[in-house]
1. Along the Cα-to-Cβ line of Leu62, 7 Å from the Cα, sits a label point; which residues in the range 100-139 have backbone N less than 13 Å from it?
2. Got a number for carbon plus sulfur as a percent of the chain's accessible area, 1.4 Å probe?
3. For the chain, what is the accessible area per residue in Å² when the probe is 1.4 Å?
4. Using the basic label-point model (7 angstrom from Cα toward the beta carbon), what is the Ala145 to Glu51 distance in nanometres?
5. Counting helices only, and only those DSSP H runs with n ≥ 4, report the 222 nm mean residue ellipticity of the chain as the sum of -39,500 (n - 2.57) divided by its residues, in deg cm²/dmol to the nearest 500.
6. Work through the residues other than Asn100 whose Cβ is under 15 Å from its Cβ and net out their charges, Lys, Arg +1 and Asp, Glu -1.
7. GluC sites (Glu not before Pro), restricted to the range 40-115: which are DSSP loop and have at most 16 other Cβ atoms within 10 Å?
8. Which of Thr47, Thr82, Val60 sits closest to the plus end of the dipole of the range 26-82, meaning its Cα is farthest towards the positive end, when Lys and Arg get +1 and Asp and Glu get -1 on the C-beta?
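The values are calculated or read from the model by the stated rules, or taken from the named source; none is laboratory data. This one's a predicted model, so the numbers in the text were calculated from it and none came from an experiment. Neighbour counts are summed over all protein chains in view; Cβ atoms, including those assigned to glycine, are modelled from backbone coordinates with ideal geometry. Calculation scope for accessible area: heavy atoms of the full protein, side chains included, ligands and nucleic acids excluded. Shrake-Rupley method; radii C 1.70, N 1.55, O 1.52, S 1.80 Å.
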Amino acid sequence: MIRRALWQGLIAGSAGGLVMTLGEKLEQAVTGRPDSHVPARVLQRLTGLPERPGEQPVAVNLAMHYGQAALLGVLRSIMAQTGLRGPVASAKFAVVRITNDQILENATGVGAPPMTWPRGERVVDVLHKAVYAFTTGAVADALAARHGPGPGQRHASLLPGRHADAGPLPRQDAYGR
């Protein structure tokens, strides 16, 4: 399951990153908002790469932007493999995506907590991260569904609803095919 989650997650996360980027470019064309180079600055600080004020490190920006999208896609794929699928799972994942950004940006001193941002910037950030999360989720769910229900879905199908006495699936039945 983990092997599948790895390659499927990289695909799903990359697809989510691509769709998010296309949405960002469309939004920027409408609003006139400039490109953000925060991802590059974060990667420079995490890796010790030199920072050059005034220079826009496009290659580093793209590496962080797509690398982070692909790697986080693995987590969404693990969710799908275990049976956490659909819009609710993608909404949960959107929170993870936003939180990941905020931890890295604030830990490196590149960003500030979102509650200090203008409301419009927060809305744009949440919108783009939601596009990423739901796209990544749709791809991860579709890839995982090719292998049948996840262990959680198999467990839920035994006795619908929440029951204290349901017990876990037998080990040999947990992972399916």
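1. Label zone hits: none.
2. Carbon and sulfur together cover 67 percent of it.
3. Accessible area per residue, the chain: 57 Å².
4. 4.5 nm
5. It comes out at -24000 deg cm²/dmol, rounded to the nearest 500.
6. +1
7. Details: sites: Glu51, Glu55, Glu105; in loops: Glu51, Glu55.
Answer in residue order: Glu51, Glu55.
8. Working it through, the farthest residue towards the positive pole turns out to be Thr82.
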